[in-house]
Amino acid sequence: MRQYTDINIYKKIGVIPTDTIYGIVCQALDAEMVERIYKIKGRQPEKPFIILISKIQDLELFGIFLTDEQIKILESLWPNKISIVLACQNDKYNYLHRGTNSLAFRLPKDDQLRRFLDKTGPLVAPSANPEGSKPAKTIAEARKYFGDKIDFYVNGGQIDSIPSALIKLEHNNFQILREGEPQALSSLARKPTEIDTTSTRQ
């Protein structure tokens, strides 16, 4: 279970266990594959996907360059089951931000998943369900939803979890958009401007 090692995701779409729930994934920088996921899910075209990254520096791949203060804030929140919405004004990534001029990213705590992301690059990872249906808790449920429309499936057993917390970070202030698991937001007991920014973690 959770055998990511030998997967070549180039020009492919898969269902994998993420750090929260099963997700449909493809390389975030491949516009063609991203659009394919929208069609498979029946996703409303104006709704962006969350993007999984392996390190904070991956944000630069999307034209997002943060201040030292903002980087330290992210370091205090990640890795965790928290997806963070950041401004992305570049029209080059309109296929991702869908006109919202913002993108949501998550740096997972799961070491195996992060190693996979380090190999593949950032992945879009919406939940593994058609629009309006419940997220798949097992690979069997995901296969029932999508069948051979998906190129590969990675079995992570039954996942009884909930989607990540979702917050919007603008300048040094945040807004909670979705709460997720209570413990995930424990670091938000103080505002980001009050979080200790002396951390030297990379």
Within the range 134-161, work out how many residues are free of Cβ contacts under 8 Å to residues at least 60 places away in the same chain, under 19 Å from the mean Cα position of the chain (by Cα) and under 19 Å from Gly42 (Cα atoms). 1
Consider Ala184 against the criteria (1) surrounded by 13 or more Cβ atoms within 10 Å (Cβ to Cβ); (2) modelled with pLDDT of 75 or more: it satisfies all of them except one. Which criterion is unmet? (2)
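Here's the yes/no breakdown for (1) of a type in the set (Lys, Arg); (2) surrounded by fewer than 19 Cβ atoms within 10 Å (Cβ to Cβ); (3) within 17 Å of Ile13 (Cα to Cα):
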site	(1), (2), (3)
Asp110	no, yes, no
Gly121	no, yes, yes
Ala136	no, no, yes
Lys144	yes, yes, yes
Lys149	yes, yes, yes
Tyr153	no, yes, yes
Asp160	no, yes, no
Ile167	no, no, no
Glu170	no, yes, no
Taking interchain pairs and intrachain pairs at least six residues apart, which have beta carbon atoms under 9 angstrom, with the first residue in the range 37-62 and more than 21 Å from Pro108 (Cα to Cα) and of a type in the set (S, T, N, Q) and the second outside any loop (DSSP other than H, G, I, E, B) and at pLDDT 95 or above? Gln44/Tyr38
Looking at the range 63-90 only, could you name the residues that are within 16 Å of Pro48 (Cα to Cα), without any contact (Cβ under 8 Å) to a residue 60 or more places away in the chain and in contact with a strand residue (DSSP E or B) (Cβ under 7 Å, 6 or more places away or on another chain)? Cys88
Farther than 30 Å from Glu69 by Cα and either touching a residue at least 12 places away in the same chain (Cβ under 8 Å) or touching a strand residue (DSSP E or B) at 6+ places or on another chain (Cβ under 7 Å) (or both): is that true of Glu131 in this structure? yes
Looking at Ile167, Ile176, Ile159, which one is assigned to a loop (DSSP other than H, G, I, E, B) and not acidic (Asp, Glu)? Ile159
Report yes if Pro126 is surrounded by fewer than 20 Cβ atoms within 10 Å (Cβ to Cβ) and closer than 16 Å to Ser164 by Cβ, otherwise no. no
Looking at the range 78-86, can you tell me whether even one residue there is out of contact with any helix residue (DSSP H, G or I) (no Cβ under 7 Å at 6 or more places or on another chain) and charged (D, E, K, R)? no
Filtering strands (runs of 3 or more DSSP E) wholly in the range 44-130 for at least 3 residues that are out of contact with any Leu (no Cβ under 6 Å at 6 or more places or on another chain) gives 82-87, 102-106
Taking the range 36-76 and the residues there that are over 16 Å from the mean Cα position of the chain (by Cα), more than 22 Å from Ile150 (Cα to Cα) and of a type in the set (A, V, I, L, M, F, W, C), the one that is surrounded by the most Cβ atoms within 10 Å (Cβ to Cβ) would be Ile73
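The values are calculated or read from the model by the stated rules, or taken from the named source; none is laboratory data. Quick caveat, the model's predicted, so the values are computed rather than measured. We place every Cβ from the backbone using ideal geometry, glycine too, and count neighbours over all the protein chains shown.
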